[in-house]
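Below you'll find the structure, written out as structure tokens, and then a few comments.
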Amino acid sequence: MAGVGVSLFSSRPALSWEFAALTDVGRLRAHNEDAVHVDPALGLALLADGMGGYKGGEVASAMAISLMHASFGRWFAQAGMQAPARVVRRALQAATDEANGAILQAGITHEELRGMGTTLVLAAFRPQRVVVGHIGDSRCYRLRNNKLEQLTRDHSLRQQQLDAGAITPEEALNSPTRNLVTRAVGVEAQVLLEMHEHSARPGDLYMLCSDGLSEMVPDAQLFTLLSRDLGLKEMASLLVAISNDNGGRDNISVVLAKADVSEATRGAM
């Protein structure tokens, strides 16, 4: 899945965004409980990692992606690309609320889906800014000026133990609590989408991923891979392949988004 979205906004150089997305079952799982979606026209990227067993996990992640995309699309049809970031944030939380309620209700209504839920990481790419949101331990990274930065902080028991100094970063690598999230979509009546805004610059490369990638590829290797001069589709395939080469213990999903100066802005220079 790949595409290009172009938008104009304010007096600063407007950026266009190129996207690629890929998901893979991995080497050990029988089913893929991850789901990804990119809509270049909306500037929206979504990634979810389902929980609750084979059927429940798949259903939860698919519902989250579908419902959030539809909700944000309805809002976008009225607000457009020029809506302020604070309004974008409200729209993303409203979409999260809608998905959360629907997943929770489905789990209550259908015995075979009871207890299902999903992590979520998303980004709304605007002409000069990016709004990143997440719930759980799916992550967003940014490569800028030869530096890789993790923009999200896991909602997980392991992260809480790290923050409290109860375990060291080395111990965290093999912690038995590494897969226990403290926040998920569809588990409780309300869930807060943690959101942050980031300025966008030409050349920025954003990566959304499930823990099937971040657990398999150390940050140093991730930096090396993302720094390679590759097209986004080729880079996504390489990231999945390396995750599998390193063990492929879980489903693997990745979304890549790269910023460039829009054609309209370039022509005006």
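Listed values, structure above:
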item: Per residue accessible area in Å² of the chain, where ligands, DNA and RNA are left out and the probe is 1.4 Å; result: 45
item: Pair ARG228, ALA70: separation of 7 Å Cα→Cβ label points (nm); result: 3.9
item: Dipole moment magnitude, nearest 20 debye, the chain about Cα centre, only Lys, Arg, Asp, Glu C-beta charged; result: 800
item: Distance in nm between pseudo-label sites at GLU111 and ALA241 (7 Å out along the Cβ direction from Cα); result: 4.7
item: Mean projection area, nm², convex hull over Cα of the range 187-269; result: 8.2
item: Hits among aspartates and glutamates - C-alpha to C-alpha of LYS258 under 18 Å, sequence gap 8 or more where chains match; result: GLU18, ASP39, GLU149, GLU197, ASP204, ASP229, GLU234
item: Residues VAL261 and ARG27, FRET efficiency given R0 of 30 Å [Cβ-Cβ distance, rounded to 0.05]; result: 0.15
item: Accessible surface of the chain, 1.4 Å probe, proportion on carbon and sulfur as whole %; result: 52
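The values are calculated or read from the model by the stated rules, or taken from the named source; none is laboratory data. Note that the structure is predicted; figures quoted are calculated from it, not measured. Here the Cβ is made from the backbone with ideal geometry for all residues, glycine too, and neighbour counts use every protein chain on show. Accessible surface is based on the protein model in full, side chains and every heavy atom, while ligands, DNA and RNA are left aside. Shrake-Rupley method; radii C 1.70, N 1.55, O 1.52, S 1.80 Å.
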